[in-house]
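For reference, the structure discussed in these notes is given below.
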Amino acid sequence: MKKAGLLLLCGALFFAACQKDPVPSKDATLDGVTVDVSAISTSARKIFVLNEGGMGSNNATLDFLRFEDGKYISGAFKKMNPTVGGGLGDVGNDIAVHGDEVWMVINNSGLVEVISAVDETEIATVTVPTPRNIAFDDKYAYVTSWAGAFVTYGADYSVTDSSNPKGQVYRINLNTKKVEGTVEVGYQPEGIACYDGKLYVANSGGISSQLPPTYSYDNTVSIIDTRSFAVTKTVEVEVNLKNVYSDGQGFIYVTSMGNYYDVHSGLYGFPANAPENVGHVWSELYKHTHVSCSCILGDEVYCIGTQNEFAFGEKHEYTVWSYSAQQGKVIFYPLQLTGVPYGVLALEGDLLLVADAGDYFNPGTLSLYDTSEQDKRWSVTTGVCPGHFAVWK
Amino acid sequence: MILAAVIALFLQAPPDTLAPAAVYAVKERPVVRATEAVQVDSLVSAPIQVAEVLQRFTGVQVKDYGGVGGLKTVNVRSLGSEHVGVFLDGIQIDNAQNMQVDLGRFSVDGLETVSLYSGQKSLRLQTAKEYATGAAVYLRTATPRVNALRLRLRGGSFATINPSVTWDRKLGKVMLRAAAEFLGSNGRYKFPCFDTTLVRENGDIRSLRLETQLFGNTRGGEWRLHLYTYGSERGFPGPVIRRAQGFPFSAERQADQDLFLQGSWNQEWNPRYTTAFRFKYANNYTHYDTHPERNPMALPYNLHYRQSSAYGSLAQSYVILDPWSVDLSTDFQYNALGSDVGQFVRPRRGTLTVALATRLAFETFRVAAHLVYQGAWDRFDGKDAGGWTRENRYRDAWMPSLSAFYAPFPWLEADAFVKRSYRLPSFNDLYYSLMGNSRLEPESAFQTGLNLRLHFGMQAWNWSLHLSPYYNRVSNKIVAIPTSSQFRWTMLNLGLVDIAGADVKGVARFRQGDWSVTLTLRYSFQQALDHSTPGGQTWGNQIPYIPLHSGSADLQADWRGWTLAWNTSFYGERWARSANTADYHLDPWSLSDVSLSYRWRKLSAGVHLKNIFNRSYQVVQGYPMPGINGMLSLEYSL
């Protein structure tokens, strides 16, 4: 009788557990700093923040903002994957969400790390030499790589050609998490975006500019057809390209870092159906539309830039602005940024999350701004060099 | 200064050939003693590199990236290694490219003493540059007196092999020394890598050192000439990071060819007036290659650098009225750096350093005052950029210092110093492509310190205690910071560090019959606080890699030809960042070494074990150090 009662109780508990969804996620135990998330659109469940760390310091870390309880949680990857030797790795260069997976590009570890967005546990790792940035279509993840770069690899990464300094795009099957082919692009490819069966890759030439024989930056966007996985067109934009964004409505944006000397950084763009019609965004009123860091929200690209960007030894006054090709106008915002903005994420409701890298050596800060106000709403301490964001809805 | 030189020249008395040369007391009485000094021959541990000797000194941090071929720089009392001058026979071994000397490259073979001056060195006939560095490491080569041949062979762990030969020959009135040394090691050792154990790869080195020295005398003087060549080829094993399987940590290689010719001529023109002339020509060639064909993760750098420098110095010393003397030293140096790196501006620098010093040296009370003026003209190719003007610039600084010595009792000596010095921005700070800032000002170091030395002797026992509290402030510290573009960094005079510390050293020696036992205890307290940005998150934190507490114990016992030495050193917790957080915490460690050697007539042999408890530790985060390792040494002199 006693036993039967116990069984009954167990059954009831089991039933209750089944009914009362969710078994708390494994990362529910992670605690952090509480911030005010009430102003941020609640369609997001988490905002992930990838901290790059310093090259050679093996201190890339993953933080996230949890909307359920408004906690900002630091170093989540290491906490949820204590058995992964070396933690997240060396230099986290890009992060993106696909479904319920988070894909992180760990540049100097030569890895793409795939984790669960639910509890940050590792799902798979993919080896890509010197990977930079990532984009998806519905079958593949595409990762730009410098290293393919300096050498071409055969099976097992044995060298087949060491005279070719061009970069590659690696294609990774979303289901198997295996590399299924590479395609050669320009010198030191950076940003990548996918729109309507085409990949748009920004080539920087950041290393070539320092080296013989060319000593020059790349200035092209490589356009790849995803079906044939071949470069179908190469468009000249401006030197030292960085990010690529698609507005989802047929317009492609590209940012250039300039040459730190006589070509300023800036925002460029072209229609996907006429890529040779490259335009440059310029504000006569403010005498600059320079870009230190940027992001896209809907059809609007948000940029943070500084007018005196060649004055390397001086304190910079940063301005925040946005541009939409659909609306065709530049908007400047009154934010008063402090520190060194290293990454930005625009959110619904005219909000901006701005990452300040500080001295790039010690932990940085993340602040929430309203685009119509000068001062920040709140700040939290991040890892070293916070710079990349991904939203899990 | 110039006036003083003229006065000095006019005041010199005519040579007095009849009376015996007067010996002036001021010449014999140093105002400042070395903080630490060792006779290289007396070292039982058989060090190969100078860095191994300095490691034991109090108040010194040797930054060691691991392995025989790894970079080893020295930092004294947290001033920063750029403020530490390294001098070989009074002539600076300099590196205008980064202002750091790799002490792993300098062999102790052929050296007589290695000494350290933490504050102001103040001896007669110093070069002006000796007055101008914050702290100084002195390497003095031995002067051969008779025909001799010495063969030495060392070898052991990491397939280290280190044969050397020194040959001394009397050629008429001139003494010749020729020396050759080879050092090879595969640099392979096990280390814990996260949850597994790996072997350090690509840390091998081969190097060859060839030296010729000539020693001669003039009437009332002496001269020496030193030709030094060094070639090495080594790998850098890289930091230990998470790496995709199949990719190495590093395939970086570096080849160096260094050459210098230096000489000195000391002449006593008359009992009052003495001069020292010194010169040096140096040429250093470096080839650095990341070998992307062997490491898919490598950025494809294959670069060449050539640094050359020419240096001349004239030091004059004049005894005005014994024990009062005055010194005037004038140095001129020219440095140039060439490279095939993109947008390289080929910097050149001319540096004039003038030092005026005066000393008053009574038996028990001595005082010295020094004033240095240093000016540097920089020239480089290249043009202005937008709002960013690169400037060909003249930088100068005055560096005053005062030293005093007082010995009230035979068993107590005290000295104190106060000093301000500057270090010029390096070529890398100023002109490194996409990083340098040609507007930098010199970095400044203010130092003050006190030394108390107590000696007691009692029959077979000898005791000494050395206490040195000090305070330093490094301001206008040159730090790298990012610009509006994350890919473009620059250097700024931003840092401020306050350092308060104390070094304590106690020695007890017992000698009776064939027995001699020496116990040396060292302790160092160093609080080095980052005061760069008031209100910043690192304000008030301990700066990277400086332990608050460190110390060591040495025990040496000698009996007939046998010597047994034990050393245990302790380093307290440190941080790899000014953010003193758990992620950057480096555990304290202690290391124990033991050596046993035996000398029999012309032959000596030794066995040396290091890290005998096989501790795993890191001096620099990401660079594991070797576990237990051993070496055998053999020496034959004839």
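Residue by residue, here is whether (1) modelled with pLDDT of 95 or more; (2) out of contact with any helix residue (DSSP H, G or I) (no Cβ under 6 Å at 6 or more places or on another chain); (3) away from chain B (no Cβ under 12 Å) holds:
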{"residue": "A:D94", "(1), (2), (3)": "yes, yes, yes"}
{"residue": "A:N108", "(1), (2), (3)": "no, yes, no"}
{"residue": "A:E113", "(1), (2), (3)": "yes, yes, no"}
{"residue": "A:A141", "(1), (2), (3)": "yes, yes, yes"}
{"residue": "A:T144", "(1), (2), (3)": "yes, yes, yes"}
{"residue": "A:G148", "(1), (2), (3)": "no, yes, no"}
Please go through (1) away from chain A (no Cβ under 14 Å); (2) over 28 Å from the mean Cα position of the chain (by Cα) for B:G216 and return the number of the only condition it doesn't satisfy. (2)
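When only residues in region A:183-222 that are part of a loop (DSSP other than H, G, I, E, B) and of a type in the set (F, W, Y) count, which is nearest to the other protein chains (Cβ to nearest Cβ)? Write out each step before concluding.
Within region A:183-222, the subset part of a loop (DSSP other than H, G, I, E, B) is A:185-188, A:196-197, A:204-207, A:211-219.
Now restrict to residues that are of a type in the set (F, W, Y): A:187, A:215, A:217.
Values: A:Y187: 11, A:Y215: 5, A:Y217: 10 Å.
Once the filter is applied, the top-ranked residue is A:Y215.
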Number of the exception - A:A230 against (1) at pLDDT below 95; (2) surrounded by fewer than 23 Cβ atoms within 10 Å (Cβ to Cβ); (3) among the small types (G, A, S): (1)
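Got a sec? Which of A:Y333, A:Y245, A:Y253, A:Y260 is surrounded by fewer than 22 Cβ atoms within 10 Å (Cβ to Cβ) and either among the small types (G, A, S) or under 28 Å from A:I95 (Cβ atoms) (or both)?
A:Y333
Please determine, by comparing only the residues of region B:550-587 that are charged (D, E, K, R) and farther than 30 Å from B:S516 by Cα, which one is surrounded by the fewest Cβ atoms within 10 Å (Cβ to Cβ).
Here the residue is B:D587.
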Among the strands (runs of 3 or more DSSP E) confined wholly to region B:135-197, which include 3 or more residues that are β-branched (V, I, T) and buried (at least 20 other Cβ atoms within 10 Å of the Cβ)? none
Please indicate, with yes or no, whether at least one residue in region A:76-86 is within 13 Å of chain B (Cβ to nearest Cβ), buried (at least 24 other Cβ atoms within 10 Å of the Cβ) and outside any loop (DSSP other than H, G, I, E, B). yes
Quick check on my filter: what residues within region B:228-265 are β-branched (V, I, T) and closer than 18 Å to B:E201 by Cβ? B:V240, B:I241
Would you tally the residues in region B:112-124 being buried (at least 24 other Cβ atoms within 10 Å of the Cβ) and out of contact with any Gly (no Cβ under 7 Å at 6 or more places or on another chain)? 5
Selection from region B:294-312 of residues touching a residue at least 12 places away in the same chain (Cβ under 8 Å) and part of a loop (DSSP other than H, G, I, E, B) yields B:R294, B:N295, B:P296, B:M297, B:A298, B:Y301
Filtering region B:345-359 down to residues that are surrounded by 20 or more Cβ atoms within 10 Å (Cβ to Cβ) and among the hydrophobic types (A, V, I, L, M, F, W, C), which residue is farthest from B:D378 (Cα to Cα)? B:A357
Could you tell me whether any residue of region B:528-549 is within 28 Å of B:L452 (Cβ to Cβ), within 14 Å of chain A (Cβ to nearest Cβ) and either of a type in the set (A, V, I, L, M, F, W, C) or crowded, with 20+ Cβ neighbours inside 10 Å (or both)? yes
Residues of region A:87-110 classified as touching a residue at least 40 places away in the same chain (Cβ under 8 Å) and in a loop (DSSP other than H, G, I, E, B), total: 1
Looking at the structure I just gave you, is B:A579 within 14 Å of chain A (Cβ to nearest Cβ) and touching a Phe, Trp or Tyr at 6+ places or on another chain (Cβ under 9 Å)? yes
State the number of residues belonging to region A:265-313 that are surrounded by fewer than 21 Cβ atoms within 10 Å (Cβ to Cβ), within 12 Å of chain B (Cβ to nearest Cβ) and within 24 Å of the chain's Cα centre (by Cα). 0
Subset tally (residues that are away from chain B (no Cβ under 14 Å) and closer than 30 Å to B:N493 by Cα) for region A:314-333: 0
With respect to A:P341, is the statement that it is in contact with a strand residue (DSSP E or B) (Cβ under 9 Å, 6 or more places away or on another chain), within 14 Å of chain B (Cβ to nearest Cβ) and not charged (D, E, K, R) true? yes
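The values are calculated or read from the model by the stated rules, or taken from the named source; none is laboratory data. Here the structure is a predicted model, which means the values were calculated and not measured. Note that each Cβ is placed from the backbone with ideal geometry, even for glycine, and that neighbours are counted across all protein chains shown.
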